[in-house]
Structure formats: C-alpha cells, structure tokens
Amino acid sequence: MSIKAFFLEIDRNGERYLTLPLYTMVVITIFMEVFRRFFLSYSSLWSEEIARYAFIYITWIGAAAAIKERGHIRIDVLQPLLSNKWKIILHIFGDIITLILAFIALYWSMEPVLNAIHFGSVTHGLRISQAWFLAAVPLGFSMIIWRLFQSMKLDFSDLKAGRPMFEGNKLFD
C-alpha cells in the first residue's frame, strides 16, 4: 500500500479505526465488571474509569465523524425553499460559525490538559496522568476543525462546479 493510499484510507475511515477498539474496550470492560460484581461480589475502580474515559474519546471522535458525514442536527426549515447555490452558501456560513466556535473551544480545552501536566494530576483508580484523558477534548476539536475544512472545501468545489450539495449519507435509506 502506498503512502497516499494509506492516508486516503485514514481519511475515509479514521474515526472508525479509532472508535471501534475503544467501543470494544467499553463493552468488554462493562461486561467483565457486571460479571465480577454479580457473580464474584468484587468490583474495581479502574474498570469504571476505563469505560468512562473511553466513552469520552468515542464521543469526541464521533462528533468529528458526524461533521464528515453531515450527521449533526441542523435547523433546515429554509433549505427546501432555497436554490442549490444558496443551500451551499448557507451551509458554508454554518461551517464558518462552527469553525470559529471550535477554534475557541480548542484553545480553552488545552488549559486543563496543560494544568494536569504541570501539576502531575493522576486518575484515582488507574493512577495514570489525567492529561491523557483530558486530551480527548482538544483532540476531538482538532478533528472537528479538520473535518470542517474538508466540508467547506467540498462545498466550495460544488458551488464552483454547480453540483448539488452533498447532504450527507442517510442512515436508513
């Protein structure tokens, strides 16, 4: 596989490659913990932390995937009334607003990570640096920003070529 093909595959399915092992870890960890609590009368603090932090990563990575697939909830009352050109312009405007908010959130989400590194904060059960888990938020916003740039690039090329706007893949069609 060439490097270009590798990066295209990561671009197409990167969120899936990241969320699948995390989701599997959540399911296995929770199943183990339920079994241990009910049948062995024993539980551990670390399993709850693993499941919680993996779920947080899944959520932020999933937010970036939803940007890519145009799966976020939008108020689209006006869209059926607009021409394709104005639909795209409206979508680009929404992406710009989201991009501004994502950059602000990325900036402010770095502070807790840096504080955790500076003060050496660790989790209660795993005794691992809390920065690893707090990094889910800036990682998620970084991925969201990347996907927003891709979305706007696609919209600009559709607008220039006069193509219909990509409205996302339907879940149940």
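Worth pointing out:
- Under 5 Å between amide hydrogens, built in the peptide plane, is the criterion, and for Val122 it picks out Gln130 among residues at least 5 positions away or on other chains.
- For the chain, the solvent-accessible area with a 1.4 angstrom probe is 69 square angstrom per residue.
- Sequence of Lys85, Lys153 when ordered by accessible area, the most exposed leading, probe 1.4 angstrom: Lys153, Lys85
- For segment 59-124, alpha-carbon Rg over 2.2 N^0.38 Å: 1.62
- In the assembled protein chains, Ser41 presents an accessible area of approximately 110 Å² (probe radius 1.4 Å).
- From helices alone, the chain scores -26500 deg cm²/dmol at 222 nm; the rule is -39500 (n - 2.57) for each run of n ≥ 4 DSSP H residues, then divide by the residue total.
- Computed E for Met110/Arg36 - FRET, C-beta separation, R0 41 angstrom, nearest 0.05: 0.65
- For the chain, the carbon plus sulfur part of the accessible surface works out to 72%, probe radius 1.4 Å.
- Shape category assigned to segment 29-173 from the gyration tensor of Cα positions, a/c cut at 1.5: oblate
- Under a model in which nothing but the beta-carbon of Lys, Arg (+1) and Asp, Glu (-1) is charged, segment 116-168 shows a dipole of about 120 debye around its Cα centre.
- Selected from His91, Ser121, Ile61, residue furthest toward positive end of dipole (the chain; charges at beta carbon): His91
- Contact order relative to length of segment 93-173, as percent, for alpha carbon pairs under 8 angstrom and 6 or more apart: 28 percent
- Cross-link partners of Lys153 among aspartates and glutamates (Cα-Cα below 17 Å; sequence separation of 8 or more within a chain): Asp11, Glu69, Asp95, Glu167
- Lys87 accessible area, assembled protein chains, probe 1.4 Å, Å²: 40 Å²
The values are calculated or read from the model by the stated rules, or taken from the named source; none is laboratory data. Fair warning: this is a prediction, and the values are worked out from it, not measured in the lab. All Cβ positions, even for glycine, are placed from backbone atoms using ideal geometry, and neighbour counts span all protein chains on display. These accessible areas exclude ligands, DNA and RNA; they are computed on the full protein's heavy atoms, side chains included. Shrake-Rupley method; radii C 1.70, N 1.55, O 1.52, S 1.80 Å.
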